[in-house]
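Participant: Starting off with a structure, shown below.
The values are calculated or read from the model by the stated rules, or taken from the named source; none is laboratory data. In this text, all values refer to a predicted model and were calculated from it rather than measured experimentally. Ideal geometry is used to build each Cβ from the backbone, glycine not excepted, and the neighbour counts take in all protein chains shown.
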Ligand SMILES: Cc1cc2nc3c(=O)[nH]c(=O)nc-3n(C[C@H](O)[C@H](O)[C@H](O)COP(=O)(O)OP(=O)(O)OC[C@H]3O[C@@H](n4cnc5c(N)ncnc54)[C@H](O)[C@@H]3O)c2cc1C
């Protein structure tokens, strides 16, 4: 690598950017890349010089934002990681508001892709604007959220990918290209969730709404009333603007059951999974703030860093975690973008997440079956082994899109489809007993129902997952590859890595060099 470094430095030239060899560790420490070339360009010309040097040497280059992704979507060992967070726009501010016009009769915001969600939210609130869905975590970049289709849990709103109306990116030849939803309607279906395969995204323009006021409500209800009652489950999810369900297993353990467990690691038969409480966080939109309330900023879960909260390890953690969630006010009012986030996370976390996506049918029979399958599995492990395969079970809901690689995808249909998808997120430290086995059982149980992973979450530990992805996305994979090729953005595969080549194939030999 040292000799390649000299070559890259020579090709990039003295104007930079500087390039180093370094190690990379992602947020939850599940991805460690021992040696890669790291570069952090500040201008689009620096990006161009790196891409041209990469093309000439055949070294691949992939962008990175905050590094929160848990799947192998980073560069491979020995390739170039381009950290986009220092990039500045050359022809405008990093975030720019556009008023409605004849072509786009709605407000839009252009943001450079390295902008963090917390800065974007601040900008939106100051300008009286909203997005209709966002993730829990405000420390992610706009580029990372778009590339992997980061979701929230709004019933009638898409993932981040669904807001994009325009994008500028630098292609494999170092050309800055501009694509819009109006002129490149088909290609946009590939660009809006691109897994980092469509060049280095420079800035993106998203559609936004005017100010909305959100009433956030936190309730704690018995699991059996929601997970074992299909009608109530459907009514709850479809009647709110946003519904977030969080279950921390074994949280209803009584003092007597806890004492027995602490003495001999036995879970008494008196504990039943249906008795656990589920944290139900809902948002409805409000016309105004009632007397006695004021508009609050973002309200973060006081977890002290970990996702499911608390310092307790083992299955007694569920109870401690629930107690933390109960510290949140039962009702509060926010501007909508401030109502979404609940996590203000540390630089590295100790829990990982595996998340899988299923279509929601109008009767909610699939979510109901999925919840039952998981609660029974968790209950069985708790009762027989005194441990839980997961610390948290987090179902989320979203609207599907016309988007080739989005997991919320209009092209992936099931009977009586509601046009929505459900993401179920399992959280646990990566070494927790039963974590991957349970996730694998879940995937294989729903394989015939077009299950697919959330791209950003751990999924490559599931045996056969590449085949499952190919089965589920079917022809969308070929369509994506063809659009990529025809657009000329990357014919030589310079933005690919090994994992993506397993799914999308290698470029033909003729196009080995850009
Ligand atoms: C604590 C925590 C909570 C989370 N909560 C949610 C949630 O609620 N909902 C959800 O859906 N996800 C959630 N995620 C996952 C997260 O949304 C994704 O991993 C997202 O991609 C992270 O953004 P990032 O800036 O870290 O991107 P990175 O992880 O750095 O990059 C992600 C991908 O984007 C590509 N990319 C980034 N920038 C560019 C660019 N400029 N050009 C081309 N490609 C680019 C990269 O190549 C990579 O493939 C969570 C993750 C964590 C750690």
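Participant: Go through the range 177-212 and count every residue that is in a loop (DSSP other than H, G, I, E, B), in contact with a strand residue (DSSP E or B) (Cβ under 7 Å, 6 or more places away or on another chain) and modelled with pLDDT of 95 or more.
Facilitator: Residues flagged as in a loop (DSSP other than H, G, I, E, B), in contact with a strand residue (DSSP E or B) (Cβ under 7 Å, 6 or more places away or on another chain) and modelled with pLDDT of 95 or more within the range 177-212 amount to 7.
Participant: Something else about it: In the range 83-97, how many residues are touching a residue at least 40 places away in the same chain (Cβ under 8 Å) and either outside any loop (DSSP other than H, G, I, E, B) or within 11 Å of the ligand (Cβ to nearest atom) (or both)?
Facilitator: 4
Participant: Oh, and also: Listed residues 239, 270; which is farther than 29 Å from residue 364 by Cβ and without any contact (Cβ under 8 Å) to a residue 40 or more places away in the chain?
Facilitator: Sole residue among the options that is farther than 29 Å from residue 364 by Cβ and without any contact (Cβ under 8 Å) to a residue 40 or more places away in the chain: 270.
Participant: Shifting gears a bit: Return only the number of the condition from (1) away from the ligand (no atom under 11 Å from the Cβ); (2) in contact (Cβ under 8 Å) with a residue 24 or more places away in the chain; (3) within 26 Å of the chain's Cα centre (by Cα); (4) outside any loop (DSSP other than H, G, I, E, B) that residue 8 does not satisfy.
Facilitator: (3)
Participant: Might you check whether a residue that is over 30 Å from residue 10 (Cβ atoms) and either in a helix (DSSP H, G or I) or near the ligand (Cβ under 8 Å from one of its atoms) (or both) occurs anywhere in the range 126-133?
Facilitator: Yes: one or more hits.
Participant: Taking residue 319 and the conditions (1) crowded, with 16+ Cβ neighbours inside 10 Å; (2) modelled with pLDDT under 90, which numbered condition does it fall short on, given that it satisfies the others?
Facilitator: Against the list (1) crowded, with 16+ Cβ neighbours inside 10 Å; (2) modelled with pLDDT under 90, residue 319 comes up short only on (2).
Participant: Something else: Going through the range 299-316 one residue at a time, which ones are at pLDDT 80 or above and either surrounded by 19 or more Cβ atoms within 10 Å (Cβ to Cβ) or within 11 Å of the ligand (Cβ to nearest atom) (or both)?
Facilitator: Listed by number, the residues that qualify are 301, 315.
Participant: I would also like to ask the following. Quick one: in the range 137-148, of everything that is more than 7 Å from the ligand (Cβ to nearest atom) and modelled with pLDDT of 95 or more, which residue is surrounded by the most Cβ atoms within 10 Å (Cβ to Cβ)?
Facilitator: The residue in question is 142.
Participant: If I ask for residues that are within 19 Å of residue 499 (Cα to Cα) and within 11 Å of the ligand (Cβ to nearest atom), which ones from the range 30-42 would you list?
Facilitator: Listed by number, the residues that qualify are 30, 31.
Participant: Hey, another quick one. Being outside the structural domain of residue 154 (by TED's automatic domain parsing), within 30 Å of residue 125 (Cβ to Cβ), within 31 Å of the chain's Cα centre (by Cα) and surrounded by 13 or more Cβ atoms within 10 Å (Cβ to Cβ) narrows it down to one of 242, 277, so name that one.
Facilitator: Exactly one of 242, 277 is outside the structural domain of residue 154 (by TED's automatic domain parsing), within 30 Å of residue 125 (Cβ to Cβ), within 31 Å of the chain's Cα centre (by Cα) and surrounded by 13 or more Cβ atoms within 10 Å (Cβ to Cβ), namely 242.
Participant: Take the residues of the range 43-82 that are within 14 Å of the ligand (Cβ to nearest atom) and over 23 Å from residue 489 (Cβ atoms): which is surrounded by the most Cβ atoms within 10 Å (Cβ to Cβ)?
Facilitator: 70
Participant: Farther than 25 Å from residue 45 by Cα, modelled with pLDDT of 95 or more, in contact with a helix residue (DSSP H, G or I) (Cβ under 8 Å, 6 or more places away or on another chain) and within 12 Å of the ligand (Cβ to nearest atom): does that describe residue 155?
Facilitator: no
Participant: Between 162, 174, which is crowded, with 20+ Cβ neighbours inside 10 Å, part of a helix (DSSP H, G or I) and more than 8 Å from the ligand (Cβ to nearest atom)?
Facilitator: One residue alone meets the criteria, 162.
Participant: Still on this structure, I have one more. Between a first residue in the range 370-397 that is free of Cβ contacts under 8 Å to residues at least 24 places away in the same chain and not assigned by TED's automatic domain parsing to the domain that holds residue 315 and a second residue that is crowded, with 22+ Cβ neighbours inside 10 Å and assigned to a helix (DSSP H, G or I), which pairs have beta carbons less than 8 Å apart while being 6 or more apart in sequence or on different chains?
Facilitator: That search, which allows pairs on different chains as well, returns nothing.
Participant: Restricting the search to the range 467-507, which residues are under 17 Å from residue 446 (Cβ atoms) and assigned to a helix (DSSP H, G or I)?
Facilitator: 467, 468, 469, 470, 471, 472, 473
Participant: Look at residue 454 and say whether it is closer than 22 Å to residue 402 by Cα, within 16 Å of the ligand (Cβ to nearest atom), touching a strand residue (DSSP E or B) at 6+ places or on another chain (Cβ under 7 Å) and assigned by TED's automatic domain parsing to the domain that holds residue 415.
Facilitator: For residue 454, the condition - closer than 22 Å to residue 402 by Cα, within 16 Å of the ligand (Cβ to nearest atom), touching a strand residue (DSSP E or B) at 6+ places or on another chain (Cβ under 7 Å) and assigned by TED's automatic domain parsing to the domain that holds residue 415 - is met.
Participant: Hey, another quick one. Given the options 89, 85, 104, 99, name the one that is closer than 22 Å to residue 181 by Cα and not assigned by TED's automatic domain parsing to the domain that holds residue 188.
Facilitator: Going through 89, 85, 104, 99 in turn, just one is closer than 22 Å to residue 181 by Cα and not assigned by TED's automatic domain parsing to the domain that holds residue 188: 89.
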